Amino acid sequence: MNASRTIDSTACVGDGSIVRICTGSRLHFGLLDTVRPFGGVGVMLNTPLTEVMLSSADRFHCPEKFQPRIVSIAERIRQFSGQMELPACRVQVLRTAPSHCGLGSGTQLALAVTEGLCLHQALEVERGTIANALADRGQRSVVGTHGYWQGGIIYEAGESEAGENSPGENSNVVQEGICLPEDWRVAVLRPLDHDLAVSGQRERDKFARLLPASKQAGNELRRLVIEEIMPAARQGQFTNFANGTRTYNERSGHLFASVQGGPYNGSAVTRVIDWLSDRGVHGHGQSSWGPGVFAWFESQKVAEECLAALPEDIELVTLTSVRNEPRSVQIHGSR
């Protein structure tokens, strides 16, 4: 199992303040539409974790693997703060979720690095500015952005006007955020023979070819969230939640059938879905573009009994619980 990968375990720090931020991963059950304002629903997980640490240094340092992304964030912060040079600090990525697996790893890393840099530089910045202008996230769905700040299951209503407490000026209203029972478990599975990841220009090209959801399809997706998923989450009704999540995910997936070959992204992902269905697992679906597939279980015992028979060509990425709290922040020392 690869719940979270350690990138740099030495964690050498410089003099002065240390900022440490830890956040979970995001599952996305699907969008309400293929065009703005998109909308959707998803949930935060306790693992895989993303953890970053920032410490004072003689100049700006960051891991080579993440350099393009982190340097871009640091440059936007430099321009925002009016400084002549990049922040004099060391950014370390201690752990991160697997990329291109439907876990929202890019958003969680970008938000953690951005907030960490702002805190380390003692910059007072609104959450909306952190998420949109500095981290450059929330271009489509903002489930992972809201999840970073509050945890739990997030319903992004798909409305064009954001409330004053929204993380970003262009973010949709979060209609509701709910904590899920701690006993529930969710597995993230990944076929070992999955196709090329959908991200960047490839993702933009796919969206450009999609038609908007019909009024009927959009209304049914909203009904599933409002009348089935969220009430079941609020009342801790596992079977209703699992069934509602599966149905919503499949119907949202049909909005993308023309570019992914059906409600799921390719034959490898579909094979995982079929295996779960054959095992009697009701709450399953593809997270975002996949290839990560989620599966809900009412308890740890039920999950372990099912996953004991996992085929060799399917990887268990994580077996975890819902993260019902926001990211954690630790600050030591003085600036």
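The values are calculated or read from the model by the stated rules, or taken from the named source; none is laboratory data. Just so you know, these numbers come straight off a predicted model, no measurement behind them. Neighbour counts are summed over all protein chains in view; Cβ atoms, including those assigned to glycine, are modelled from backbone coordinates with ideal geometry.
Looking for something β-branched (Val, Ile, Thr), assigned by TED's automatic domain parsing to the domain that holds Arg271 and at pLDDT 95 or above - is there at least one such residue anywhere in the range 198-205? Checking the range 198-205: not a single residue is β-branched (Val, Ile, Thr), assigned by TED's automatic domain parsing to the domain that holds Arg271 and at pLDDT 95 or above. Close Cβ contacts (under 7 Å, 6 or more residues apart or on different chains) running from residues in the range 191-216 that are in contact (Cβ under 8 Å) with a residue 12 or more places away in the chain to residues that are of a type in the set (Lys, Arg) comprise Pro191/Arg271; Val198/Lys206. Whether any residue in the range 319-328 is farther than 29 Å from Arg202 by Cβ, in contact with a helix residue (DSSP H, G or I) (Cβ under 7 Å, 6 or more places away or on another chain) and of a type in the set (Asp, Glu) is what I want to check. Checked against the condition, which is being farther than 29 Å from Arg202 by Cβ, in contact with a helix residue (DSSP H, G or I) (Cβ under 7 Å, 6 or more places away or on another chain) and of a type in the set (Asp, Glu), the range 319-328 yields no hits at all. Where helices (runs of 4 or more DSSP H) sit wholly within the range 212-270, those with at least 1 residues that are surrounded by 15 or more Cβ atoms within 10 Å (Cβ to Cβ), within 21 Å of the chain's Cα centre (by Cα) and at pLDDT 95 or above occupy 215-223, 230-235, 238-254. Going through (1) assigned to a strand (DSSP E or B); (2) under 30 Å from Leu211 (Cβ atoms) one by one, Gly106 falls short only on (1). Residue count for the range 251-272, restricted to those that are in contact with a helix residue (DSSP H, G or I) (Cβ under 9 Å, 6 or more places away or on another chain) and within 23 Å of Val143 (Cα to Cα): 12. Taking each residue of the range 218-233 that is without any contact (Cβ under 8 Å) to a residue 60 or more places away in the chain and looking for partners that are assigned to a helix (DSSP H, G or I) and surrounded by fewer than 20 Cβ atoms within 10 Å (Cβ to Cβ) with beta-carbon atoms closer than 7 Å, six or more apart or interchain, yields Glu220/Arg251; Leu224/Thr247; Glu228/Asn240; Ala232/Asn240.
Counting only residues that are charged (D, E, K, R), modelled with pLDDT of 95 or more and farther than 30 Å from Val269 by Cα, give me the strands (runs of 3 or more DSSP E) lying completely in the range 1-100 with at least 1 of them.
Because the criterion is at least 1 residues that are charged (D, E, K, R), modelled with pLDDT of 95 or more and farther than 30 Å from Val269 by Cα, the strands (runs of 3 or more DSSP E) in the range 1-100 that meet it are 18-31, 89-96.
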